[in-house]
Amino acid sequence: MTAGTPRRLLAELFGTFWLVFGGCGSAIFAAKYVASAGDDRDTLIQLGIGLLGVALAFGLTVVTMAYAVGHVSGAHFNPAITLGAVVGGRLPVKDLPGYWVAQVAGGLLAGTLLYVIASGKPGFEATGNMAANGYGDHSPNNYTLLAVLIAEVVLTAFFLLVVLGATDDRAPAGFGPLAIGLTLTLIHLVSIPISNTSVNPARSTAVAFFNGNGAPGQLWLFWLAPLLGGLIGGILYPLMFRNGKFALGRAPDEPAPAPSPGEPRG
């Protein structure tokens, strides 16, 4: 590992923390916020940000942290993105375990703080209120395991295509984080009703055990599906858009592609 590895892992930890804290936090605290209308305690008004607000919150976490620490670590904040980056030639295989550990640790730290804050409200019940992912009875609209699997794989694969394309050395410089954040927003707009949107195993793990109920038992799907999607996206991008050639870690016979947003070169 390079001398800068500790800084890179710390950047991934902080970035994943921010993604979970901002994204899941918006769902826990603000999605359905209800308040009294002025001095009239009997009249309630809906002030929640709704699904659109939650989707934007997830997108904004990625945009802000990608600009903040992308030049340090590449701003993955997601084990599926890291896997796709390795397969697509953007990150050495040896760096993958450390990235995954940092991402999961950052997510769990954020999940812990969200639970502590949420528990400060009298009557708070964590079960069903921690923005956990699920299928079947634990899906927001009762989508089946197969439906959730397909949605998560397809959306994660396209997410990887956008990430690798927006950070390609041929792409306009400086706009990668915006494209990636907007894509994550779009993904949430599509799939919050389906699975509460994962496309990120670290995000799912961060809140599953605090939510309890069926979330821990269904967590396997929210590792399998995003990682499979990341693998597909990481394979497809160099095959389709890097001279049609592919090899683990780097497309052969061509210069090294651009790193993820701000990732150190060399």
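Values in this text are rule-based calculations from the coordinates and carry no lab data. The structure displayed is predicted, hence computed values, not measured ones. Backbone-built Cβ (ideal geometry, glycine too); neighbour counts: all protein chains shown.
Over the range 84-224, what relative contact order in percent results from Cα pairs under 8 Å that are six or more residues apart? Reported relative contact order: 36 percent. Here the mean projected area of the convex hull built on the C-alpha positions of the range 92-192 is 8.9 nm². Using the Karplus relation 6.51 cos²θ - 1.76 cosθ + 1.60 with θ = phi - 60°, the per-residue 3J(HN,Hα) values for the range 122-132 come to x, x, 5, 10, 5, 4, x, 10, 10, 6, 6 Hz, with x marking Gly and Pro.
Determine the shape class of the range 5-241: with a ≥ b ≥ c the square roots of the Cα gyration tensor eigenvalues, call it rounded for a/c under 1.5, and otherwise prolate if a/b is greater than b/c, oblate otherwise. Here the range 5-241 falls in the prolate category.
Provide the FRET efficiency to the nearest 0.05 for the Val190-Phe241 pair, computing r from the beta carbons and using R0 = 22 Å. If you can, show how the numbers build up before the last one.
Details: r = 23 Å, r/R0 = 1.07.
The value I calculate is 0.40.
Phi-derived couplings, Karplus 6.51 cos²θ - 1.76 cosθ + 1.60 at θ = phi - 60°, listed residue by residue for the range 200-206: 7, x, 5, 5, 5, 5, 4 Hz, with x used for Gly and Pro.
When you restrict to C-alpha pairs under 8 Å that are six or more residues apart and normalise by the size of the range 5-241, the relative contact order lands at 29 percent. For the pair the range 161-182 / the range 111-126, the C-alpha centres are spaced 36 Å from each other. Here the Karplus relation 6.51 cos²θ - 1.76 cosθ + 1.60, evaluated at θ = phi - 60°, turns the backbone of the range 217-226 into coupling constants of x, 9, 4, 3, 5, 8, 9, 4, 5, x Hz, with x for every Gly and Pro.
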